[in-house]
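Heads up, the thing below is written out as structure tokens.
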Number of protein chains: 2
Amino acid sequence: MSHDARVDALDGLLKEAGLDAVLATKDASIAYLTGFWGLQMERFFGVTVRKGGTGALIAPSLDRDSVGQAPTGLDKALYDAAKTNGLPTLHDTLKGAKRIGVEEDHLIWARSKALQEAGYELVPASDLIMELRAAKDAEEIAAVKHACAQIIEIYEDLWANLQVGESEIDVNARVAYALARRGGSNPGPHILFGAHSGDPHGSPGERTLQAGDVIVADISAQFDGYWGDMTRCAYAGTPSDWAVKAWDVVKEAYDDAVAATRVGNTARDVDAAQRVVVEAHPEIGACLHGAGHAIGTEIHEPPFLVATSEIPLREGMIFTVEPGIYHSEIGGIRLEDDILVTADGPVNLSPAPLDLRVL
Amino acid sequence: MSHDARVDALDGLLKEAGLDAVLATKDASIAYLTGFWGLQMERFFGVTVRKGGTGALIAPSLDRDSVGQAPTGLDKALYDAAKTNGLPTLHDTLKGAKRIGVEEDHLIWARSKALQEAGYELVPASDLIMELRAAKDAEEIAAVKHACAQIIEIYEDLWANLQVGESEIDVNARVAYALARRGGSNPGPHILFGAHSGDPHGSPGERTLQAGDVIVADISAQFDGYWGDMTRCAYAGTPSDWAVKAWDVVKEAYDDAVAATRVGNTARDVDAAQRVVVEAHPEIGACLHGAGHAIGTEIHEPPFLVATSEIPLREGMIFTVEPGIYHSEIGGIRLEDDILVTADGPVNLSPAPLDLRVL
């Protein structure tokens, strides 16, 4: 679907939502609607879509060249970020629209206050925008699959070259380099060794790989705007009993959660499928997170596969399914693939061996 | 200053600000107050400091190991992000405080609404927190200087190895790898060739370096929590008249802006110093951005050196000073150093030759 067709589809949702316009501010939503990827930092970027499908891409003049090339039929409204905060330009593009849907999980409080003080009525509209973004078309599905194919090749390099004695910093740097050389943006390897892998969000450090370490290798990157995100595990030497059992538990949780990633289920059904398996094994480790998250132009995007979400799964949604089990003193095991919801059930967009690789 | 001493200093500002407590939510503010670096994504993280200097670090249980190791005397309050959104835990740590300072340039609208609906009165407090963060102590200054020293060495490698025919993607990947190998987090090389360098926020692509190209090499990374951020330029072959003139203009703007980075001036004085020079040369290119931004635990942090800011410069502030001139069809020139404000005037924390390097 072209970017302009997405704008038209969004316009089609405004009337029922009772909105005069939508203001999208997330990088990924802006890119989805216009093809433009910005670098926000402290500056204001947005896309306005008014009823009727007109609107504008608003960005600092700093980004004039990339904005000029953006494949969108919307107006392009640039402002000088060294002289204004961009809100006067936003005001101009709203052309009298008053009831504005905004991305409530991205818009900062300061800007929401400024808009309300200027007389706008703000309405949460993340769900409205995600209603479009969540269901991927064939081209988007192919893009996620392509990103995963790049990552699958990176795993082969990783396992072929990883040596006892190498530090987490070095192996993560090497994998990030390989991803970037392939054109991957925002390469996000997160490869941890031994007990450190029991901290799912630990920062790669000076720790070196030792014989007897489990290895959790989470690898993600964005190719042509779409993310792939996978996790595989390995063992330096003959796997310990703990590692074998942990892998068996997580593989069972993975199989059940993938099977649950289907139309008719809600997000929490997928979480429940992995949780019941992992939580039955406190002697091995803890269940520290939900089953996964949607993925597309953002690495983590709604819906999230957590116990609090009753969002129904729809055709075209793509989720990471990534159960894990974690023991702070021993390590972790996590298995992660990117799963497409289809009318015929789940389809794995990142098919590659899940086994506990022995190094 | 220890993390707990910073909490005490923040507590010392609460009474005058009429606040019962502060809620810090930026990664960099959380790290500043507690030593803990999180990975927020969609999950809630925060630090509460109540009057009296008590409070808590709030994070998902996913981060339990890193939270456990955080060098803070504050309470540590974990919640299961697969089951709650963290706000009930935040509520517990506020212990009846009602008038809460928040980082209005970070807190998302959805959370601000939820807090207001729960009966809290929110007050913008970014300036309050930045009053502390902005003035760096000796240890922080040394950390920024160390980060810059790493980047200075990277430039020597870059200029020694960059060859005509190499693509932007490849050279950026190589520099990111070199930064990461040295322990740099979030390595951010942004190296563009020829006309593409006329787009200060262009994305590195397949374009290869050609004889006659100008090269703008912006390199940043975070070491031990603190950022360095520099820009140098080069030319593939004998520099064109345009490049020589553009460099002369930007060097004059740089000298004047650095000289203006002193106590007694405001942020906009520094911007004005570079702007008047660059804007006098429209035949060479455009002035597309302000003079720079503060730098520390964030790569871009307030105050920003822009025409709209009357914030006075204080001892211990560190700013990038980075004037540039940009021509969409020819290219850009930018020179950037990290400048410390002292009682005795500006001190360059990233001293290295500024000349237009000839390759």
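Nothing in this text is a laboratory measurement; each read-out follows from the coordinates by a stated rule. As the structure is a computational prediction, the values presented were derived from the model and not from experiment. FYI the Cβ positions are ideal-geometry reconstructions off the backbone, even for glycines, and counts take in every protein chain you see.
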Report the local net charge at A:LEU349: Lys and Arg +1, Asp and Glu -1, summed over other residues whose C-beta lies under 13 Å from its C-beta. -3
Restricted to the protein assembly as shown, the DSSP antiparallel beta bridge percent, nearest 5, is 75
Could you work out the Rg to Rh ratio of the stretch B:138-358, with Rh taken as the Kirkwood radius (inverse of the mean 1/r over all Cα pairs)? 0.95
Neighbours of B:ILE219 by Cβ distance under 10 Å: Lys/Arg at +1, Asp/Glu at -1, summed charge -2
Can you pull the three principal axis extents for the Cα set of the stretch B:300-359, in Å, largest first? 39, 28, 17
Among A:TYR254, A:SER309, B:VAL250 - extreme Cα towards positive end, dipole of the protein assembly as shown, charges at beta-carbon: A:SER309
Position A:GLN40, label points 7 Å along Cα→Cβ, spacing to each other copy in nm (shortest first, one decimal): 1.0
Can you give the local net charge around A:ARG64? Use residues other than it whose beta-carbon is closer than 10 angstrom to its beta-carbon, Lys and Arg +1, Asp and Glu -1. -2
For the rotation bringing B onto A, which B residue has its Cβ nearest the axis, and at how many Å? B:TYR177, 2
Measure off 7 Å from each Cα along the Cα-to-Cβ vector at A:ALA149 and B:ASN348, then give the distance between these two points in nanometres to one decimal. 4.9
Averaged over peptide A:101-112, how many Cβ atoms belonging to another chain are found within 10 Å of each residue's Cβ? 6
Rounded to the nearest 20 debye, dipole of chain B from Cβ charges on Lys, Arg, Asp, Glu: 1020
Given 5 Å bins starting at zero, what is the percent of C-alpha pairs of the stretch B:111-207 in each, up to the one with the largest pair distance? 2, 10, 14, 13, 13, 10, 10, 10, 8, 5, 3, 1, 0
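For the protein assembly as shown, how big is the tail of P(r) above 36 Å, as a whole percent of Cα pairs?
43
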For the stretch B:232-315, which GluC sites (Glu not before Pro) pass both filters: DSSP loop (anything but H, G, I, E, B) and at most 14 other C-beta atoms within 10 Å? B:GLU279, B:GLU283, B:GLU310, B:GLU315
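Between rounded, prolate and oblate, where does the stretch A:252-350 land on the alpha carbon gyration tensor, with a ≥ b ≥ c its root eigenvalues, rounded for a/c under 1.5, else prolate if a/b exceeds b/c?
Since a/c reaches 1.5 and a/b is larger than b/c, the shape of the stretch A:252-350 is classed as prolate.
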For the stretch A:16-123, the percent of all C-alpha pairs falling in each 5 Å bin, from 0 up to the bin holding the max distance, is 2, 13, 26, 28, 20, 9, 2, 0
Express in % the proportion of alpha carbon pairs of the stretch B:215-292 at distances exceeding 17 Å. 56
Size of charge dipole - the protein assembly as shown - debye, nearest 20, with Cβ of Lys, Arg +1 and Asp, Glu -1, no other charges: 960
